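What follows is a short report on a single structure.
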Amino acid sequence: MTELSTEGKKRSKAAADNQDEADVQDGRAGAQAGGAKKLRLTLVEDDHSPLAHFQNALKERGIKNLEIGDIVSEALATVPKDWWDAKLEELTPLEWKLHAALENPEMRAKLMSLLEGKKV
């Protein structure tokens, strides 16, 4: 009986390993060349958003089996770098900015003089 349960566990593990490998291969196939990384995210769009209108138009035109992720990736690629930089700056906590400034010797000196009440 022990041999049967061990054999069953080995088969289950082999099946799981094969599925894991298939998932990895599937992920690689979906990623584009050049070190692209596949991301998972949930988008919540209202009925009046451009993406919702796009999806409705796809349905009306009978376009099926289109990978919407590729379309969203293409759309995101059109967003200017300035927008991404501004959004990153907006979301960065003050603590991180302070730590980065303290790592820069010139900024550290300016901060120290500011804290000590001296003019730079």
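Some points to look at:
- Filter pass, Ala75 being of a type in the set (A, V, I, L, M) and either within 30 Å of Leu41 (Cα to Cα) or touching a helix residue (DSSP H, G or I) at 6+ places or on another chain (Cβ under 9 Å) (or both): yes
- For Glu45, the criteria (1) touching a helix residue (DSSP H, G or I) at 6+ places or on another chain (Cβ under 6 Å); (2) among the charged types (D, E, K, R); (3) at pLDDT 95 or above hold in every case but one, which is (3).
- Between Lys81, Lys64, the distinction of being surrounded by fewer than 11 Cβ atoms within 10 Å (Cβ to Cβ), closer than 30 Å to Lys38 by Cα and touching a Leu at 6+ places or on another chain (Cβ under 9 Å) belongs to Lys64 only.
- Of the numbered criteria (1) at pLDDT 90 or above; (2) of a type in the set (A, V, I, L, M, F, W, C); (3) exposed (fewer than 10 other Cβ atoms within 10 Å of the Cβ), the one Ile71 fails is (3).
The values are calculated or read from the model by the stated rules, or taken from the named source; none is laboratory data. Computed from a prediction, not measured in an experiment: that's the story for all the values here. Note that we place each Cβ from the backbone using ideal geometry, even for glycine, and neighbour counts take in every protein chain shown.
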